[in-house]
Structures are given as C-alpha cells and as structure tokens.
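Q: Supplied in structure tokens, the structure appears directly below.
The values are calculated or read from the model by the stated rules, or taken from the named source; none is laboratory data. Keep in mind that what you see is a predicted model, and the values were worked out from it rather than measured. With ideal geometry, Cβ positions are generated from the backbone for all residues, glycine too; neighbour counts draw on all protein chains shown.
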Amino acid sequence: MSDQPLRILVVDDELPITEFVSYNLKKEGYIVDVANDGDSALAMVSENEYDLVILDVMLPGMNGYEVCKRIRATSSIPVLFLSARDTELDKVVGLEIGGDDYLAKPFGVRELSARVKALLRRAHTEHSGINHATPIAVEVAGIELDEASHHATSAAGPIDLTPREFELLSCLMHNAGRVLSREELLREAWGWEYLVETKTVDTHVKRLRDKLEAAKVDPALVETVRGYGYRFRTE
C-alpha cells in the first residue's frame, strides 16, 4: 500500500458511533472524515478520494442502501455497511447493491479493525494487478462467461444475472467439478472473510438456479453436496 495515510469516510447519524469509530481508526493511523446523512456523504465522496466508506444503513432521509447504489454508479470504493439489523435478508440486500461487507451493531474495536484491514487489503490486491491470471472468458457445460463485461450467455441467449450472482457463477465455473464449501464461496466469490451467516450463499444459489432455469439452462448444473456446499457439474 501507499506510504500515505489511508482515508476513510464514516457515515452515521449517531454521534456515539461516529466518535467511537473515528477515535479507534485514527489511533491506527487512518485519516477519518465524518458525514451524518446520505446527501453529505455523496458530496464528500465526489470531492475527495477515499479508500473505504463505512456506511450506516438506517440514515435520515436517503438510507445507506441508496447511498451505496449512487456511490457504485461512479466508484468501486469498498463499502462496509453498519446496521443494527442483522438478518440474512439485510446482508443479501447489502451484497446485491454493491456492499463489500456488513458489520452488525454493537461491535467491538477488534472486529471493526479486522473488517477494515481485510477490505483495504482486498482493494489493494485488486488495484495492484495481483491475481489477474483469471481468463477473460470461460465456458463450461454450454454457459459462457465474459469476465470483462460481466455477461453470461447460453445457447438460448443471455442469462440475466446481478453482479453478485455473476461472481458466484464465475467462482463455481472456474472450479467446475470441485466441491466448494459455503465459507469458500463467501470468501472466493465475494471476499467476505468474516461473515458468519453462511445461509446467504444458499439464498444466492437459489436465485442463481432460478435465473438459469429462466434462461433455459438446467439449474441442476449447480449441484448441492449435502452437508458441505456446492459443485458446478461439468457434464
């Protein structure tokens, strides 16, 4: 990483949270800015270069999900969601709209620090060109993925996938014939190193199978290996 201090934007309308997060991140050497609502956060993102955005879901006015969607329209800055809501659906929604991780309130200093470091490390790896050996296109069992454009097609035509569904299918296809655990899929497909709720994978697999079936592709290509995880069949 650069020798320059990394800059983080913390977005939350609760003063105790912003003070707690800011104090502890500054102790670790980060530059920290604070916004208390979505509009202010978007203005600051447009005016400054941030290495990470820590974003509360429940904000006054524009909620955190909408803020993330608008950030994603122009930037790939890592986004760490904060929320008192810790259901599987909340995490799935956060992933689908472009969030990179999800931290439930209340949380401790060590967990916050670990999540922040993991996201910054992942972003640095991607931007530095490390691990770019993945081929631009891959084809297995009649499905072709264009990694550069995030397009998936079959003999019947395009397969309509969200970015997270595409990443999941890509991970399965690159490991075709091999069983992947839910934990491996969370880590390899999405970079979620600390998410405990592995049912999120099951929800996305179900959605992926529905999309494959709608595109006239056999959904059973994504095979459940009971008690372990999933495998993409090569036949």
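Q: Quick one: is LYS27 crowded, with 19+ Cβ neighbours inside 10 Å and among the basic types (Lys, Arg)?
A: no
Q: Same structure again: Looking at LEU119, LEU103, LEU95, LEU80, can you tell me which residue is surrounded by 15 or more Cβ atoms within 10 Å (Cβ to Cβ), in a helix (DSSP H, G or I), at pLDDT below 95 and in contact with a strand residue (DSSP E or B) (Cβ under 7 Å, 6 or more places away or on another chain)?
A: LEU119
Q: If I filter region 144-151 for residues that are in contact (Cβ under 8 Å) with a residue 40 or more places away in the chain and surrounded by 18 or more Cβ atoms within 10 Å (Cβ to Cβ), do I get at least one hit?
A: Scanning region 144-151, I find no residue that is in contact (Cβ under 8 Å) with a residue 40 or more places away in the chain and surrounded by 18 or more Cβ atoms within 10 Å (Cβ to Cβ), so the answer is no.
Q: Take region 59-69 and flag every residue that is surrounded by fewer than 16 Cβ atoms within 10 Å (Cβ to Cβ) and assigned to a helix (DSSP H, G or I).
A: GLU66, LYS69
Q: Something else: Filter region 152-191 for residues that are in contact with a Gly (Cβ under 9 Å, 6 or more places away or on another chain) and in a strand (DSSP E or B); which is nearest to ALA137 (Cα to Cα)?
A: The selected residue is SER154.
Q: Report yes if GLY29 is touching an Asp or Glu at 6+ places or on another chain (Cβ under 9 Å) and free of Cβ contacts under 8 Å to residues at least 40 places away in the same chain, otherwise no.
A: It is false that GLY29 is touching an Asp or Glu at 6+ places or on another chain (Cβ under 9 Å) and free of Cβ contacts under 8 Å to residues at least 40 places away in the same chain.
Q: Name the residue that is nearest to the chain's Cα centre (by Cα), counting only residues in region 136-151 that are in a strand (DSSP E or B) and among the acidic types (Asp, Glu).
A: ASP146
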